[in-house]
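Student: One structure follows; several queries about it will come next.
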Amino acid sequence: MSTVRPSAAATRPCAFITGAGAGIGRAVALRFAQQGWQVGAGDVDQAGLHALRAEVGDSNVRTYVLDVTQTDQWREALADFHRYTCRLDLLVNNAGILISGPLQDNPLQRHHALIDVNVKGLLNGCYLAYPYLKNSPGARVINMSSSSAIYGQAGLATYSASKFAVRGLTEALNIEWHGSGVRVMDVMPLFVETAMVQDMNARSVERLGVHLTPNDVAHVVWKAAHFQGSFSRVHWSVGWMATVLFRLTSLSPQWLNHWVVRRIAA
């Protein structure tokens, strides 16, 4: 945790971002800090957090060593950040891990670990941040989902399942928390140029390629964070390819969706 002394932070919009030490989370943290937001950045990557703080300055970011699977660490980080800011305008649940290849080619423990981070870690964040969010007018949650939550992906079965869980939780909480004014949305990119996709063993990444950068995703997170339209706008695709896939599968019969995804991933 950084040792910044409280100042005028309570007058600035505030975002808490997980997985902020690298990749998409870092790009999101940089975008918001550079636009004048007070950022709380959590990650298990202490070196990444140190580099982020050095780049944006102690007055713009507070960093927390945070394993999202550990509820005590969540409680401590959120409580400290709120003591400093007196508000929480945005929670970005970005922390996640990925395994690829046929289901049985990875140890069962790795599948369990992925669910712990991608699903339970995100659930921890939503549950424990809600008391702070509901007291901040216009607050919202943006969960990092994936285009693999459109239709289950061969070679990414457990990852895809975890993102379906993120999608379902997002949709449900957006309805549950409507009365308290807290929007819940998700962002659904295709493959992004991060360490996560290096050496990925999935045919879909070979067929579709990697055309998005972390900054592309951060741009959409920024748009979602400022969206003032209907609560019914929940899912935010990143890039034209993800948008086309999302719209097609929403309108197409199941047999056609199955055929298209099988052509991509098998």
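Student: Inside region 49-90, can you point out the residues that are assigned to a helix (DSSP H, G or I), within 14 Å of residue 19 (Cβ to Cβ) and not hydrophobic (A, V, I, L, M, F, W, C)?
Tutor: 73
Student: Provide a single number: the residues in region 102-122 that are among the basic types (Lys, Arg) and in contact (Cβ under 8 Å) with a residue 40 or more places away in the chain.
Tutor: Pass one, region 102-122, residues among the basic types (Lys, Arg): 110, 120.
Next cut, in contact (Cβ under 8 Å) with a residue 40 or more places away in the chain only: 120.
So the answer is 1.
Student: Considering region 136-152 alone, what residues qualify as being closer than 13 Å to residue 95 by Cβ and free of Cβ contacts under 8 Å to residues at least 40 places away in the same chain?
Tutor: Within region 136-152, no residue meets the criteria.
Student: When you check residue 100 against the structure, is it of a type outside the set (Asp, Glu), surrounded by fewer than 24 Cβ atoms within 10 Å (Cβ to Cβ), part of a loop (DSSP other than H, G, I, E, B) and in contact with a strand residue (DSSP E or B) (Cβ under 9 Å, 6 or more places away or on another chain), yes or no?
Tutor: On the way: of a type outside the set (Asp, Glu): yes; surrounded by fewer than 24 Cβ atoms within 10 Å (Cβ to Cβ): yes; part of a loop (DSSP other than H, G, I, E, B): yes; in contact with a strand residue (DSSP E or B) (Cβ under 9 Å, 6 or more places away or on another chain): no.
Judged against the criteria, residue 100 is not a match.
Student: Within the bounds of region 213-235, is there any residue that is at pLDDT below 65, more than 15 Å from the chain's Cα centre (by Cα), outside any helix (DSSP H, G or I) and surrounded by fewer than 16 Cβ atoms within 10 Å (Cβ to Cβ)?
Tutor: In the first step, residues of region 213-235 are kept if they are at pLDDT below 65; the result is none.
No, that holds for no residue.
Student: Between residues in region 77-101 that are of a type in the set (Asp, Glu) and residues that are at pLDDT 95 or above and not in a loop (DSSP other than H, G, I, E, B), which pairs lie under 8 Å by C-beta distance while being six or more apart or on different chains?
Tutor: These pairs meet every condition: 80/62; 80/64; 89/14; 89/15; 89/140.
Student: Right, next: Being in contact with a Gly (Cβ under 8 Å, 6 or more places away or on another chain) and among the basic types (Lys, Arg), is that true of even one residue in region 106-129?
Tutor: Among the residues of region 106-129, not one is in contact with a Gly (Cβ under 8 Å, 6 or more places away or on another chain) and among the basic types (Lys, Arg), which makes the answer no.
Student: Using the structure shown, decide if residue 148 is touching a helix residue (DSSP H, G or I) at 6+ places or on another chain (Cβ under 8 Å) and modelled with pLDDT under 95. Before the answer, list the steps.
Tutor: On the way: touching a helix residue (DSSP H, G or I) at 6+ places or on another chain (Cβ under 8 Å): yes; modelled with pLDDT under 95: yes.
It is true that residue 148 is touching a helix residue (DSSP H, G or I) at 6+ places or on another chain (Cβ under 8 Å) and modelled with pLDDT under 95.
Student: Could I ask something else about it? Go through region 32-63 and give me each residue that's surrounded by 22 or more Cβ atoms within 10 Å (Cβ to Cβ) and among the hydroxyl-bearing types (Ser, Thr, Tyr).
Tutor: The one that is surrounded by 22 or more Cβ atoms within 10 Å (Cβ to Cβ) and among the hydroxyl-bearing types (Ser, Thr, Tyr): 63.
The values are calculated or read from the model by the stated rules, or taken from the named source; none is laboratory data. As the structure is a prediction and not an experimental result, all values here were calculated from the model. Glycine gets a Cβ as well: all are built from the backbone with ideal geometry, and neighbour counts include every protein chain shown.
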